[in-house]
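The values are calculated or read from the model by the stated rules, or taken from the named source; none is laboratory data. Quick caveat: nothing in here was measured; it's all calculated off a predicted structure. Cβ atoms come from the backbone with ideal geometry, glycine included; neighbour counts cover every protein chain shown. These accessible areas exclude ligands, DNA and RNA; they are computed on the full protein's heavy atoms, side chains included. Shrake-Rupley method; radii C 1.70, N 1.55, O 1.52, S 1.80 Å.
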Amino acid sequence: MSNLPSEPEFEQALHEITSTLEPLLQKKPEYRRALAVVQIPERVIQFRVSWERDDGSIAVNRGYRVQFNSALGPYKGGLRLHPTVNLSILKFLGFEQIFKNALTGLTMGGGKGGCDFDPKGKSDNEIRRFCYAFMQELSRHIGDNTDVPAGDIGTGGREIGYMFGAYKKLRNEFAGILTGKGGSWGGSFIRPEATGFGLVYYVTEMLKDLDNTDWVGKRVLISGSGNVAQYAALKVIELGGKVLTLSDSTGSLVATSEEGFSPEDISTIADIKLARKPLTAFEHNGRFTYHEGKRPWTLVDKADVALPSATQNEVDGAEAKALAKAGVRYVAEGSNMGCTQEAIDFFESTRAAVTSLDKKDNIVFYAPGKAANCGGVAVSGLEMAQNSQRLTWTPAEVDAKLKDIMVTCYKTCWETGTEFAQGGAVPSLVAGANIAGFIKVADAMRDQGEWW
């Protein structure tokens with residue numbers, strides 16, 4: 001029995017990866033040595049963050065940076081500011097980030113960081129003082145060729161701006177050490193939209209392969225109402241789908257007709273979220289019903305696609321079965337580890353039961369977050385490339401590169417899942433994503449002498 005402290009989120013992520021790697025490990029058992037190495041971070045940094053409240057009192061928080069793996073490039077991953085942040089969550093996110101970044105095809109390693117600081121209810125001055133204090137320590141450990149953090153939950157454009165300004169003052173250099181920057185000072189077009197847009201581009205390929213169809217008329221359930229959910233919803237609407245739900249930590253909004261949300265509704269909700277207000281502030285004249293304390297998955301009788309886009313473990317086993325009962329055939333994670341293992345096992349059982357592509361009516365085709373939501377970090381990587389060249393690509397150029405990355409990622413998952421498939425006529429995108437990402441990282445580590 002291990003003497004290490006329990007890290008449930010990280011242990012869940014590790015189990016999800018290792019269980020799907022088994023077909024590879026049986027064919028090529030030498031990779032077991034790589035697995036033993038890759039699951040331990042190269043470096044974990046924990047530090048104190050002391051900052052001054054508006055009333056003059058001192059607040060103290062815990063800051064972290066998990067520099068997990070640099071085999072493919074500088075550590076890359078977001079900074080989460082939320083009271084639930086702890087080492088287990090950051091290790092889970094950093095571990096997932098290794099393979100997610102590998103699937104983009106860009107030269108990025110994997111890492112994650114953050115702090116148990118809660119931006120909600122804080123003044124701009126308090127957030128600025130916190131960001132400067134946080135960066136005072138973090139700046140010792142990052143650099144454009146070492147570790148390039150990005151935003152995450154609680155870390156938006158304002159926080160990135162304050163942190164970048166702090167780094168510039170502390171180090172006296174203007175460098176691309178953060179992504180998600182403002183457009184006039186090194187940021188990239190399409191970065192705010194990237195995760196949501198990329199998610200929809202990925203599912204577009206799923207729709208083509210399974211049913212030779214597109215988004216027109218598809219009834220779509222989306223959880224969350226932040227950045228990922230908003231832009232996924234807008235892209236779904238643009239492509240002809242109907243968004244029936246959005247949610248936040250207080251509850252869910254469900255459309256009363258199949259017209260669903262309009263782009264104007266999404267814009268209004270974006271303003272509400274920017275003001276850090278709950279969805280109950282959304283005025284809709286009875287076009288939606290609000291379900292306090294509930295997630296969307298059991299609230300709609302008929303749907304086609306589900307996009308969990310809020311946080312980890314937001315679809316459990318019972319909810320997975322409810323989605324199938326409602327007719328959902330596609331589930332793709334906009335959030336990281338959005339589905340519990342029980343939910344994933346259920347989705348995968350429906351796939352494995354399909355022995356012929358002519359008999360696939362009961363399948364729920366599932367895509368894990370490390371593949372489906374890698375568009376955000378992909379455009380972060382494109383921002384790094386633009387920074388290195390001291391130039392800015394147009395929105396159309398970035399969007400085209402994003403779409404190409406997502407299509408290539410999907411094809412890689414499909415082809416690798418087919419090569420190592422265990423049961424079913426439809427390949428496992430979970431196994432495909434995990435195995436493809438793992439092989440790329442493990443091979444680089446072997447070339448660099450990390451295992452032999």
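Numbers for the structure displayed
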item	result
Any hit, the stretch 415-437, residues being within 22 Å of the chain's Cα centre (by Cα), modelled with pLDDT of 95 or more, surrounded by fewer than 19 Cβ atoms within 10 Å (Cβ to Cβ) and of a type in the set (A, V, I, L, M, F, W, C)	no
The stretch 236-250, residues that are open to solvent by less than 10 Å² (accessible area, probe 1.4 Å) and in a loop (DSSP other than H, G, I, E, B)	241
Single residue of 138, 93 found to be modelled with pLDDT under 95, open to solvent by less than 10 Å² (accessible area, probe 1.4 Å), within 30 Å of residue 35 (Cβ to Cβ) and of a type outside the set (Phe, Trp, Tyr)	93
Pair list, Cβ < 6 Å and 6+ apart or interchain, from the stretch 179-200 residues that are of a type in the set (Val, Ile, Thr) to residues that are part of a loop (DSSP other than H, G, I, E, B) and at pLDDT 95 or above	195/373
Count - residues of the stretch 96-121 that are surrounded by fewer than 24 Cβ atoms within 10 Å (Cβ to Cβ) and touching an Asp or Glu at 6+ places or on another chain (Cβ under 9 Å)	1
When residues of the stretch 1-27 are limited to those that are assigned to a loop (DSSP other than H, G, I, E, B) and surrounded by fewer than 13 Cβ atoms within 10 Å (Cβ to Cβ), the one nearest to the chain's Cα centre (by Cα)	6
Residue tally, condition on the phi < 0 side of the Ramachandran plot, surrounded by 24 or more Cβ atoms within 10 Å (Cβ to Cβ) and not in a helix (DSSP H, G or I), over the stretch 194-227	5
Residue 30 closer than 30 Å to residue 446 by Cα, of a type in the set (D, E, K, R) and open to solvent by less than 80 Å² (accessible area, probe 1.4 Å)	yes
Residue match in the stretch 338-354 (condition: part of a loop (DSSP other than H, G, I, E, B), open to solvent by 50 Å² or more (accessible area, probe 1.4 Å), under 26 Å from residue 435 (Cβ atoms) and among the aliphatic types (A, V, I, L, M))	yes
